[in-house]
Amino acid sequence: AQARAEWTVHLQERANSTSPGDATFAGKFNEDFGKYLSGIEGQTQTRAGQVAFRKGASELSAHFVEKAGVYQAQAMGAKAKQDYGVALDAYRNILVSDPTQFKDVLKTATDVLNDPSGVYAKMPAGEREKLVAQTGQQLALSAVQGLIQNGAPELAKRQLVEGKWDSYLDADKKSALIDGADTATRIKEGAAEHQRQTAEREKRDRQIEE
């Protein structure tokens, strides 16, 4: 009982001081715990005591193998999510600049998430599926925002109304993007009208001077 309590504390202390994503955490912890057990095994003198010790040691080892493995999986999952966030931001920036790359960028991003030998392979399937859905949504948002910001708000609105992005965007996000497209269209039309009026004024001024 004392060993279990002490090494439970050791496990938590190591977990708190280990870098997220350290794939060697569980192995190192279990190795050190095995050395500890080997060191105290000789303190048991009787045969019955040794049998009892080995049985208890086996159960305790199995307990810590499981606990250390769970922590390592959780920590690696957290690190993978952190790395995913950085990659997703990069993908989104690409689409804001060039929305036409949506399909290619989406395929690249989802292939990385679903790669059976990749960094996300050990992530629970449910968590990975959430990331895939989030990826589609965030990339779709960026692609539509790219259309709006790059001078094609009318196209963005038409695609939204026609349902092109329905697989990725819910009603609230579509509505917000449509509002944004309408605002951008008004600004664009206002700028064009201002340009037209300025050109006409300059033309009249030239005619007067002549």
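Numerical summary
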{"item": "Relative packing of 86-93, 66-73, which averages over residues the other C-beta atoms within 10 Å, highest first", "result": "66-73, 86-93"}
{"item": "Restraint check, 55/79; 79/164; 107/174; 28/130, Cα-Cα greater than 29 Å", "result": "55/79; 79/164; 28/130"}
{"item": "Cβ-Cβ FRET estimate between residue 196 and residue 110, R0 fixed at 45 Å, reported to 0.05", "result": "0.50"}
{"item": "Between helix 25-41 and the chain: long-axis angle, C-alpha atoms, 0 to 90°, nearest 10", "result": "10"}
{"item": "Angle between the chain longest axis and helix 171-209 axis [Cα atoms, degrees, rounded to 10]", "result": "30"}
{"item": "Distance (nanometres) between label positions extended 7 Å along Cα→Cβ at residue 86 and residue 5", "result": "4.2"}
{"item": "Semi-axes of the equivalent ellipsoid for the range 80-210, Cα gyration tensor, largest first, Å", "result": "43, 15, 10"}
{"item": "Relative contact order %, the chain, counting alpha carbon pairs below 8 Å whose residues are six or more apart", "result": "16"}
{"item": "The range 73-210, accessible area per residue, ligands and nucleic acids excluded (1.4 Å, Å²)", "result": "63"}
{"item": "Under 24 Å from residue 203, Cα to Cα: lysines that are on another chain or at least 8 residues apart", "result": "188"}
{"item": "Mean-position separation - Cα centroids, the range 195-210 and the range 71-119, in angstrom", "result": "54"}
{"item": "Percent accessible area from carbon and sulfur atoms, the chain, protein chains only, probe 1.4 Å", "result": "52"}
{"item": "Viscosity 1.002 mPa s, temperature 20 °C, Stokes-Einstein D of the range 122-168 from Kirkwood C-alpha radius, µm²/s", "result": "182"}
{"item": "Principal-axis tilt of helix 102-114 within the chain, Cα atoms, nearest 10 degrees", "result": "0"}
{"item": "Mean Cβ neighbour count within 10 Å, used as a protection proxy, ranking 141-148, 115-122 highest first", "result": "141-148, 115-122"}
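The values are calculated or read from the model by the stated rules, or taken from the named source; none is laboratory data. Fair warning: this is a prediction, and the values are worked out from it, not measured in the lab. Because the Cβ atoms are built from the backbone with ideal geometry, glycine has one as well, and the counts that use them run over all protein chains shown. We work out accessible area using only protein heavy atoms, side chains counted, and drop any ligands, DNA or RNA first. Shrake-Rupley method; radii C 1.70, N 1.55, O 1.52, S 1.80 Å.
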